[in-house]
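What follows is one structure encoded as structure tokens, with my remarks underneath.
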């Protein structure tokens, strides 16, 4: 006697869907974490290349690291425009300092591009960036169009001891560059930041609780941005001076 095959009941379908949903719930966070880890490694590699380029620049510039008009070199009492050291090229009509020529557009880490120490623009950007300054926003400007170019890495431009010569910066393990900190949106990673120290080592600064990020200005117009930036660098100095090199862990 022939029997017809038994079909799936509604309960079978619901159980199957529940199992699939459970598996997705388990796997998706892991996939996101794996992608972020990969992005952190690329970011670390970019900062490592920036560090090597700074060293080559210093070799050709009597040991001086790239200068920034946003930093008052030699003065520890003035903040300058410290939060703006994320800028790589200023506007053509920029009037930042009375003693600076407006004809000089490339600034800070941007001098590494101008001097062909780092000829690849994407190196100045972090793949984890979700703020207002992705590489795609400035792609045309990198090809020669006029306008301000902003990157994803904050540049200190001077050592804690006021030195601008690379091997005279003390402490040698102080932070020299890091993921963007001008605003909370510029902080590239959710749980920390890659930091380039003055000894050219790359270390990972952990901020799982988000307490460091919350101390950064919420907007570029924050009146306390310079003070916040000074405190941020000091915090990175204290937190990464004893860290082992190697980027994200």
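Observations, loosely collected:
- Extended-chain gain in nm, criterion 0.36 nm per residue less alpha-carbon gap, residue 209 and residue 104: 33.7 nm
- Prolate/oblate/rounded call for the range 95-249, Cα gyration tensor, a/c under 1.5 rounded: rounded
- Spin-label model, residue 161 to residue 221: label points 7 Å out along the Cα-to-beta-carbon direction sit 4.2 nm apart.
- Structural descriptor for the range 126-249: relative contact order 22 percent, calculated from alpha carbon pairs under 8 angstrom and at least 6 residues apart.
- Sequence ranges 205-216, 47-58, 107-118, ranked by mean other-Cβ count within 10 angstrom, highest first: 107-118, 47-58, 205-216
- Taken along the Cα-to-beta-carbon direction at a fixed 7 Å, the label points for residue 242 and residue 140 span 5.1 nm.
- Computing FRET efficiency as 1/(1 + (r/R0)^6) for residue 130 and residue 34, where r is the C-beta to C-beta distance and R0 is 22 Å, gives about 0.80.
- At q = 0.14, 0.23 Å⁻¹, base-10 log of I(q)/I(0) for the range 193-249 (Debye sum, equal scatterers on each alpha carbon): -0.42, -0.94
Every read-out reported here was derived from the displayed coordinates using simple, explicitly stated rules and does not represent laboratory data. Remember, predicted model here, so these are calculated numbers, not experimental data. Cβ coordinates were reconstructed from backbone atoms using ideal geometry, including for glycine residues, and neighbour counts include every protein chain displayed.
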